[in-house]
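Please read the structure below before turning to the comments.
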Amino acid sequence: MSMTIGLAGKPNAGKSTFFKAATLADVEIANYPFTTINANKGVTYVRTECPCTQKDKRCGNCQDGVRFVPIEMIDVAGLVPDAHMGRGLGNAFLDELRQAQAIIHVIDAAGATDIEGNPVDIGDHDPLEDVDFLNREITMWMTGILKRNWEKLSRKIKAEGLKMSEVISDQLMGAGVNESQAHEALLCCDMPCECTQWTDEEMIRLCDAIRAISKPTMIAANKIDIAPEENVKKLNDLDLIVVPTSAAAELALRSAAKNEIINYLPGDEDFEIVSEDINDAQKKGLNSLKDLMNKMGTGGGGIQECINRAVFDLLDLIVVYPVEDEGKWSDKNDRMLPDAFLMKKGSTAHDLAYRVHSDIGDRFLYAVDGKTKMRLGEKHELEDGDVIKIVSTAK
């Protein structure tokens, strides 16, 4: 696994239910703040069509042509306002987020919890406030880190002619920020040349840009089944990716599938009841889930849609399949399509060679497209679903 998605949000938004549904991990779920004290880590999956559907036989690594590519998911403690100042579980929460390449912000779309996660009547709280406060907490957390020793660092930049983006990324390394992200933020913000005199407001503005670039965020509009239409419209009007979800419904579906009550793959638009050993109440509950799925239109309870959009839309990744035999699409042990790599859109055949092994990257000769059998140069740009053989002088 080469990437981590972080789940963030205030207490009682359904974050831990989302995590449990996505990973089927055994986590505590309760209706009080800070159910999650230490971060939960688990494996979830991106859903994509397996290339083996273009062959006469299935590869054995997919389910009826549906491939699930593993990624890490981290569910961090519920966030409350002023966490960056140590309130609630404070910086423990924020420090966990440093590992995440992207964030799914689980929002209580029903407005049934206040800004700190305490239960209120449905519709009493505006979910837009939750969106704003998470962004502010992360921005202020980064600002606090950047400001440490900034007076000394800024003088050193000026005296020694150091590269601004490099100094900033070094300072924010613990927040998961790299130099290219710092450079992009500096260009966006058009910061004053005299860094020794940057104001607090200017540093906050810079860190807000760094946050948006280094921790891209989307919204899981959770508890959608009971959310007032006004709240749903407000969230959908945001300039963000917003996916309607019912983590509770998804958890019920995946649990029923695991117990062989229904046939359901995460993200399916429907399911089939296969067990005859269920009572009328269970049938009624399953029919209610069908009705909700039809209403949502995202497949399941929207969890798989959320994960897929985080990976393919928010992070702009593709799935590539390296093989050793371009005819059989297999490795040296005759296993068909054994590996699936998530790579940034725009990656080249040479980039894939390095992902397979550094020696193969160093000694790269050329690649072969398993679908067309065409020879590819090192700068050939890969596409989603490519099956690629790498040829190198590495042993």
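Quick notes
- Cysteines in the chain that, by Cβ-Cβ distance, have no pairing candidate under 4.7 Å: Cys188, Cys189, Cys193, Cys195, Cys207, Cys306
- Amide hydrogen neighbours beyond the local backbone of Val66, cut-off 5 Å, H modeled: Cys50
- Apolar share of the accessible surface for the chain: 45 percent from carbon plus sulfur atoms, 1.4 Å probe.
- Taking the Cα atoms of the stretch 147-200, the ratio Rg/Rh between the radius of gyration and the Kirkwood radius comes to 0.93.
- Per-pair calculated FRET efficiency, R0 = 56 Å: Lys328 and Lys158 via Cβ, rounded to 0.05: 0.40
- For the chain, DSSP calls about 60 percent of its internal beta bridges antiparallel.
- Three semi-axes describe the equivalent ellipsoid of the stretch 273-395; taken as square roots of 5 times the Cα gyration tensor eigenvalues and ordered largest first, they are 42, 18, 11 Å.
- Residue separation of Lys345 and Lys57 scaled by 0.36 nm, minus their Cα-Cα distance, works out to 100.8 nm of gained length.
- The calculated FRET efficiency for Ala394 paired with Glu229, based on their beta-carbon distance and R0 = 56 Å, is about 0.40.
- Listed by chain and number, the lysines placed with their C-alpha closer than 16 angstrom to that of Lys379 are Lys344, Lys345, Lys389; residues fewer than eight positions away on the same chain are left out.
- GNM flexibility winner over the chain from Ser288, Ser16, Ser214 (Cα, springs under 10 Å): Ser288
- The distance between label points at Lys379 and Asn118 comes to 6.2 nm (points 7 Å beyond Cα on the Cα→Cβ vector).
- Helix-only CD estimate at 222 nm, as mean residue ellipticity for the chain, using -39500 (n - 2.57) per DSSP H run (n ≥ 4): -10500 deg cm²/dmol
- When the chain is treated as a GNM with alpha-carbon contacts under 10 Å, the residue of Lys57, Lys20, Lys290 showing the greatest mean-square fluctuation is Lys57.
- Per residue, the chain exposes 48 Å² of solvent-accessible protein surface, assessed with a 1.4 angstrom probe and all protein chains in place.
- When the stretch 256-395 is described by a simple charge dipole with +1 on each Lys and Arg Cβ and -1 on each Asp and Glu Cβ, the residue from Gly297, Gly346, Val387 located farthest towards its positive end is Gly346.
- Sequence of Cys188, Cys52 from largest to smallest accessible area, 1.4 Å probe: Cys188, Cys52
- Taking label positions 7 Å along the Cα-Cβ direction at both Asn149 and Glu129, the computed distance is 3.9 nm, reported to one decimal.
The values are calculated or read from the model by the stated rules, or taken from the named source; none is laboratory data. A quick note: this is a predicted structure, and the numbers were derived from the prediction, not measured. Here the Cβ is made from the backbone with ideal geometry for all residues, glycine too, and neighbour counts use every protein chain on show. Only protein heavy atoms, including side chains, enter the accessible area calculation; ligands, DNA and RNA are left aside. Shrake-Rupley method; radii C 1.70, N 1.55, O 1.52, S 1.80 Å.
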